[in-house]
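The values are calculated or read from the model by the stated rules, or taken from the named source; none is laboratory data. Just so it is clear, the structure is predicted and the values come from calculations on it, not from any experiment. Virtual Cβ from ideal backbone geometry, glycine too; neighbours counted across all protein chains shown.
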Amino acid sequence: MRRVHLEAAEDHVERLAREHDPVGAVKELIWNALDADATRITVTIERSVTGAVDKVMIADDGEGITPEGCTTAFEKIGGSWKKHRHTTIGGRPLHGRAGQGRLRAFALGAFIRWTTIAEGIDGLQKTTVTAHNASRNDFQIGDSTPTEGPTGTLVEAWGRQSVVLDRLTADRARSLLTTEFAPYLARYPKVEIVFDGKKIDPTAVIQKQSEERVEFEHDGAMETAVVRIIEWDMRVDRELHLCDALGVPVDITETRIQAPGFDFTTYVLWGRMTEHRGDFLLGEASDSPVASLLTTTREHLRSYFRKRAVERRKEVVDQWKDAGLYPYDAEPTSEAEKVERETFDIVASTIHRHMPRPAKHQKATLALLRESVKHQPSNVNRILDEVFRLTSDDKSELDRLLNRTSLSSIIRASTSVADRLDFLAALSHMVFDPEVKKLVKERSQLHKILENETWVFGEHYQLLVSDRSLNQVLDRHLGLLGRDNRSPQPVYREDGSVGIVDLMLSRSRREHDRQQHLVVELKAPKVRVGDKELQQIKSYALAVVEDAQFADVRAEWDFWLVTSEMNKVLRAEARQAGRPRGCIWDLKENEYTVRVWVKTWSELIDESKGRLQYFKEHFDHDPSVEQAIDYLRHSHLPYLPDALIPTPREGQTDDTGADALSSTDAAADLV
């Protein structure tokens, strides 16, 4: 028996374990087995008498880990033998190359044991490795013994009492595994994955598949990728898998398109994807080729599902016509009738799966729906909700579909601008009203609301981190640059403490090959800021300037302190001659530019209003306080002060009140 100590900070190992994501841990351990050329992988979940997850076991018939390889595999992060290979010994594509997969086992249990049999220098050898989450960096490697058994590895995890593990027994866990391994299982049909007693069989739940080549441009050159779309006969998360040319996933991001009524997964296959791991985090505005590829892919998806929606709608309507259930006889004779018919088809085909099965009931339902669309279009959502008790997803999908009428572009544009004007009026009410501003809390309310309205800080930024330590802010910065995380030492402020920043936003500036970051420190409207708060934001800036690990990085950092009121000394410092209004510091250190600003809520709101002034004049929308508060209730109800939360009607719970408000607002969108 020998002890191997992993060369990494323990908190870093804990982060890599991602203990909040047990399904991700199972996926990673399955990939480890596939990288060992396994043909059968079995995931067994043992339950306690109360039904809770008690133990998780992942067994495979792969090549195993040799006694010589155990030390290398467990003594450091990033030392994987896969790093310099592209295929397994058996010729299959490799998935993991970072040497971190084994650490994910800590998400499944407090006690971990690997039992592996492999062909070593001295023939078939059996080796056992154990670990405990009380000391994640220490692995006990047992003495290898000769054996006659077949090669393979058994990973066992137990002893973690957490409701998080119950996610493994939910239907979503099986769907996530199915979508993850569908391309691999299609390419290697002899490979078998059994999860919780049942085989993962993507072919049994695939409704339709599509595969097309797409071209995208980067730096003046054309690149080609393959977009594969799988529509499922089950509920799935809408994920976009960024894969190498063989279909092995490198990253997973969100689809970010509207395709109501469709359960699907998108796989983008591109030969250079592994060179750009993590680039999707930069967003579509960056100069990475992945950004251009994502833009092209999402345009392709929108076009594809527009066609599929028409096909599906036509199929449903044709079935009703054939059965004599369709409530219209003749073709529309006017533009108004055409729009009405189109709206009816959209609404009816969206809710058809909720309709009663008997034909006579369907016919009556469709007739009533026709009258609602014709005479009460603004109440369609509310009526449907009351009749069919639609889920929130169904109501959201219906809203999105109805916006695809001939007026959809105007509706979407005006709604977006109106929402922003409403929000600015609401923000003004929250930070300036003498009574309301006393009640507004900084982190639990104002922070959470602005986290979802980051456009007020500038259209070109995207949110990277929220309410995180300065260490994590700088780690995300290095992640954008494609570097490993910082060395384990934390970044300290001048007083030795670790600061917590409110919001960090980022953008890439292609013309100067620089990253530009904005760190925002919000202060509640009742707080009058002075030297203490100024020193706090300055200390964040100094922590960036003085950290030697970032000396060669070309980046601009702007630190904003946002407040309603400031003392006289700070006001004078914010109005120095020769500097832009509000600029306290303007430092240049190595490749860094670091600026510190003090901005008032009034200035922030006026700047945002200026960007919307043209639209405000042409849409003729000047929201009242009541309209502004209605927007807050509709979009940010969980984070409002009690004074702004509507009082439920008699016999109605708070949740019901919120749903009724949402339904009314949604119906109004249809007018």
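Taking region 400-419, which residues are part of a helix (DSSP H, G or I) and either modelled with pLDDT of 85 or more or among the small types (Gly, Ala, Ser) (or both)? Of everything in region 400-419, those that are part of a helix (DSSP H, G or I) and either modelled with pLDDT of 85 or more or among the small types (Gly, Ala, Ser) (or both) turn out to be SER408, SER409, ALA413, SER414, SER416, ALA418. Applying the selection to region 253-312, what residues are part of a helix (DSSP H, G or I) and acidic (Asp, Glu)? The answer is GLU275, ASP279, GLU299, GLU311. Between ARG102, ARG92, the distinction of being closer than 22 Å to PHE181 by Cα, modelled with pLDDT of 85 or more and out of contact with any Phe, Trp or Tyr (no Cβ under 6 Å at 6 or more places or on another chain) belongs to ARG92 only. Evaluate region 34-42: report whether one residue or more is surrounded by 18 or more Cβ atoms within 10 Å (Cβ to Cβ), modelled with pLDDT of 95 or more, assigned to a loop (DSSP other than H, G, I, E, B) and of a type in the set (Gly, Ala, Ser). Yes, region 34-42 contains a residue that is surrounded by 18 or more Cβ atoms within 10 Å (Cβ to Cβ), modelled with pLDDT of 95 or more, assigned to a loop (DSSP other than H, G, I, E, B) and of a type in the set (Gly, Ala, Ser). How many residues are at pLDDT below 75 and either within 17 Å of TYR328 (Cβ to Cβ) or among the polar types (S, T, N, Q) (or both) when one looks only at region 356-372? Number satisfying all stated conditions: 1.
To keep it simple, each residue is scored yes or no on (1) touching a residue at least 40 places away in the same chain (Cβ under 8 Å); (2) in contact with a His (Cβ under 8 Å, 6 or more places away or on another chain); (3) assigned to a strand (DSSP E or B).
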position: GLU119; (1), (2), (3): yes, no, yes
position: LYS126; (1), (2), (3): no, no, yes
position: ALA134; (1), (2), (3): no, no, no
position: PRO150; (1), (2), (3): yes, no, no
position: VAL155; (1), (2), (3): yes, no, yes
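Suppose the filter is part of a strand (DSSP E or B), in the same structural domain as LYS190 (by TED's automatic domain parsing), modelled with pLDDT of 95 or more and touching a Ser or Thr at 6+ places or on another chain (Cβ under 8 Å); does ILE45 pass it? Explain how you work it out, then say what you get.
On the way: part of a strand (DSSP E or B): yes; in the same structural domain as LYS190 (by TED's automatic domain parsing): yes; modelled with pLDDT of 95 or more: yes; touching a Ser or Thr at 6+ places or on another chain (Cβ under 8 Å): yes.
Spelling it out, ILE45 is indeed part of a strand (DSSP E or B), in the same structural domain as LYS190 (by TED's automatic domain parsing), modelled with pLDDT of 95 or more and touching a Ser or Thr at 6+ places or on another chain (Cβ under 8 Å).
Contact annotation: residue pairs with Cβ atoms under 7 Å, 6 or more positions apart or on different chains, pairing a residue in region 222-248 that is outside the structural domain of ALA186 (by TED's automatic domain parsing) with a partner that is assigned to a loop (DSSP other than H, G, I, E, B) and aromatic (Phe, Trp, Tyr), are ALA225/TRP270; GLU231/PHE262; ALA245/TRP270. Filtered by the rule that a residue be within 28 Å of ALA309 (Cα to Cα), at pLDDT below 90 and of a type in the set (S, T, N, Q), region 256-288 gives a lone residue, GLN258.
Could you list all residues from region 321-370 that are among the acidic types (Asp, Glu) and surrounded by 12 or more Cβ atoms within 10 Å (Cβ to Cβ)?
Of the residues in region 321-370, the ones among the acidic types (Asp, Glu) are 322, 329, 331, 335, 337, 340, 342, 345.
Those that are among the acidic types (Asp, Glu) and surrounded by 12 or more Cβ atoms within 10 Å (Cβ to Cβ): GLU337, GLU340, GLU342, ASP345.
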